[in-house]
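Peer 1: Please read through the structure below; I'll follow up with questions.
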Amino acid sequence: MYFRCVRDCAVGLAAIVLAAIGWAQTARSQEQTYTLRLQHYLRADSVEHNDWLLPWTRLIEADSKGRIKFEIFPAMKFGGKATELYDQARTGVVDIVWTITGYSPGRFPRLEVFELPWVAASDAIRASAAAWDFYERYARREFADVKLLAISTTGKGTLFMRDREAKRPSDLSQLPIRVPSPTVGHTITSYGAIPKTLTVPELAPALSKGDVAGLVTPYRMISTNKLGQFVNHVTEFLGDEALYTSVYLIVMNKDRYWSLPRELRNIIDDRSGHQLSARLGWQIDLWERDAQRSVRESGAQVVNVEGEDLELWKAAATDQIAAWIAKRDAAGDNGRMLLEAVRKIAAEYR
């Protein structure tokens, strides 16, 4: 009886000790803070940094009651090149990045569908909501090595010209036009122009000297980089589909995400995904309207392309779309299905 009592007391004491250790570990876990390093290529005075990334991270910090903290490095202040951002998140150089798929050409072949001419919705809120849905249904494997937090689109592509009006594709014949990606370069080639790849710092000198006759980009690029003084003619494409869009990504290192306690992962999830993507698209539309007004007030002449003139632009790009479909088919995808999926999903948000 004595030995059984001693044994039972020892077992009970051990259980109490283990419970105390578990409680202490839980308490320490609940008190522990986690600092996440976020890097992007935009300037510290950009609206994207001040009106979007800062408020978004502060919401997460508040939701976590200070257990999650952010260190943000704009303009690549943590180091590296903008073209390395995705890999920086993937390999854990930093924890989170905001980047654009154009910096990793060929890496997201299915998402290239959003850069094709006359496919994505012309307003960023619909295109961004569609992009997240498209990712969930058709492009998850392209992000198997990271935790995707948001996927959204830029404003619709617009044609900005230095010295001449461009209302029809033939107006671009043999003119050097700056493009943001190889896919958009193929579009410009189909219009008879010569695509040129230039970095953002190279744009102003190239436009001022006439090395390029114009560029295709959203309005935000013109106002943010003070290029309005070199733009005298603007070609706006009306209608529901965009000349092209580019795709933004907010991605997190997968191991870092899973290293966080579940309650903190839930907080990040609640501030990410479809809701974040659509809201970012909505914000981009607001920025685009402000930038559009600024360019127009600078005195640029605006040509609206619609009706039969718009059909000329669409018809000239059909071979490029057919080539993309064939390329995806050769890779084992159903290219036509992926193309129509973007349009079908966007139609659900009208």
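The values are calculated or read from the model by the stated rules, or taken from the named source; none is laboratory data. Quick caveat: nothing in here was measured; it's all calculated off a predicted structure. Glycine gets a Cβ as well: all are built from the backbone with ideal geometry, and neighbour counts include every protein chain shown.
Peer 1: Hey, could you check segment 38-77 for residues that are at pLDDT 95 or above and assigned to a loop (DSSP other than H, G, I, E, B) and say which is farthest from L286 (Cα to Cα)?
Peer 2: R67
Peer 1: Here's a follow-up. Against the definition (at pLDDT 95 or above and touching a His at 6+ places or on another chain (Cβ under 8 Å)), how does A144 come out, yes or no?
Peer 2: no
Peer 1: Let me ask you something else. Out of Y257, Y248, report the one residue that is within 29 Å of L54 (Cβ to Cβ), of a type outside the set (S, T, N, Q), buried (at least 20 other Cβ atoms within 10 Å of the Cβ) and out of contact with any Cys (no Cβ under 6 Å at 6 or more places or on another chain).
Peer 2: Y248
Peer 1: Working only within segment 277-310, note down all residues that are among the β-branched types (V, I, T) and more than 30 Å from E136 (Cα to Cα).
Peer 2: V295, V302, V303, V305
Peer 1: Scan segment 215-226 and report the pairs whose first residue is touching a residue at least 12 places away in the same chain (Cβ under 8 Å) and buried (at least 21 other Cβ atoms within 10 Å of the Cβ) and whose second residue is assigned to a loop (DSSP other than H, G, I, E, B) and polar (S, T, N, Q), with Cβ atoms within less than 7 Å and a gap of 6+ or a chain change.
Peer 2: Taking only residues 6 or more apart or on different chains, the pairs are P218/T154.
Peer 1: Sticking with this one: Name the residues in segment 297-322 that are over 11 Å from W118 (Cα atoms), within 27 Å of the chain's Cα centre (by Cα) and without any contact (Cβ under 8 Å) to a residue 24 or more places away in the chain, would you?
Peer 2: Across segment 297-322, the qualifying residue is only A322.
Peer 1: Report the residue count in segment 97-107 for those that are outside any helix (DSSP H, G or I) and touching a Phe, Trp or Tyr at 6+ places or on another chain (Cβ under 8 Å).
Peer 2: 6
Peer 1: Identify all residues within segment 45-89 that are in contact with a helix residue (DSSP H, G or I) (Cβ under 8 Å, 6 or more places away or on another chain), under 18 Å from T35 (Cα atoms) and not hydrophobic (A, V, I, L, M, F, W, C); write none if there are none.
Peer 2: D63, S64, R67, K69, P74
Peer 1: Which one is nearest to V113 (Cα to Cα), of the residues in segment 260-270 that are crowded, with 18+ Cβ neighbours inside 10 Å and in contact with a helix residue (DSSP H, G or I) (Cβ under 8 Å, 6 or more places away or on another chain)?
Peer 2: Of everything passing the filter in segment 260-270, I268 is nearest to V113 (Cα to Cα).
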